[in-house]
Amino acid sequence: MELVKFSTTDEYIGAFSGIQKKRLQELRRIVKQVAPAKATEVISYNMPALKLNKVLVYYAAYAHHIGFYPTSGPIKVFAEDLKGYKTSKGAIQFPLTEPLPAGLIKEIISYRIAEDEKIAAVKQLASFKK
């Protein structure tokens, strides 16, 4: 089977149907609600992602879950809130049989935005010192 290369988030979401498509659309809305205006949607690793200075989060649909990839920091910080979900170093699996935890997702994205802006500020400061 040939792997489809996606170039936009609309194209990615459009490749799905049913509950997968519904959850992807829902997650996209949640992401956009929290994202600063200057954040952009991109396709990275052939899945939708939200980028500010660097990619904040990625997400993807699978047969039984939505994969949400906020990097490793939030997985540690929100470990207690994530106990009911399957997680790994940088990934969270939200089962398709359950509603997305919108509040938790918003908190994680907000955390990633703060993390990203802090790193960007440190880099900018370092470049002034040169």
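Observations
- When residues in the stretch 33-80 are screened for being under 23 Å from residue 5 (Cα atoms) and among the charged types (D, E, K, R), 3 of them pass.
- Whichever residue in the stretch 51-61 is closer than 21 Å to residue 89 by Cβ and of a type in the set (A, V, I, L, M, F, W, C) and, among such residues, is surrounded by the fewest Cβ atoms within 10 Å (Cβ to Cβ): 55
- Hey, residue 100 closer than 24 Å to residue 12 by Cβ, in contact with a strand residue (DSSP E or B) (Cβ under 7 Å, 6 or more places away or on another chain) and part of a strand (DSSP E or B) or not: no
- Boolean, residue 84 is in contact with a Ser or Thr (Cβ under 7 Å, 6 or more places away or on another chain), small (Gly, Ala, Ser), in a loop (DSSP other than H, G, I, E, B) and at pLDDT below 95: no
Listed here are the residues, each with its yes/no results for (1) of a type outside the set (Phe, Trp, Tyr); (2) touching a Lys or Arg at 6+ places or on another chain (Cβ under 9 Å).
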| site | (1), (2) |
| --- | --- |
| 7 | yes, no |
| 42 | yes, yes |
| 58 | no, no |
| 91 | yes, no |
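- Options 74, 48: the member that is free of Cβ contacts under 8 Å to residues at least 60 places away in the same chain, within 21 Å of residue 18 (Cα to Cα) and surrounded by 14 or more Cβ atoms within 10 Å (Cβ to Cβ): 48
For every residue, the table says whether it meets (1) of a type outside the set (Gly, Ala, Ser); (2) in contact with a Cys (Cβ under 8 Å, 6 or more places away or on another chain); (3) closer than 23 Å to residue 114 by Cβ.
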position: 4; (1), (2), (3): yes, no, no
position: 7; (1), (2), (3): no, no, no
position: 33; (1), (2), (3): yes, no, yes
position: 41; (1), (2), (3): yes, no, yes
position: 70; (1), (2), (3): yes, no, yes
position: 76; (1), (2), (3): yes, no, yes
position: 81; (1), (2), (3): yes, no, yes
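- Failed item in (1) under 22 Å from residue 41 (Cβ atoms); (2) under 17 Å from the mean Cα position of the chain (by Cα), with residue 120 passing the rest: (2)
- Taking the stretch 17-75 and the strands (runs of 3 or more DSSP E) fully enclosed by it, the elements with 3 or more residues that are of a type outside the set (Gly, Ala, Ser) and closer than 17 Å to residue 102 by Cα are at 55-61, 65-69.
The values are calculated or read from the model by the stated rules, or taken from the named source; none is laboratory data. Quantities reported herein were computed from a predicted structural model and do not represent experimental measurements. As a convention, Cβ positions derive from the backbone with ideal geometry for all residues, glycine included, and neighbour counts pool all protein chains shown.
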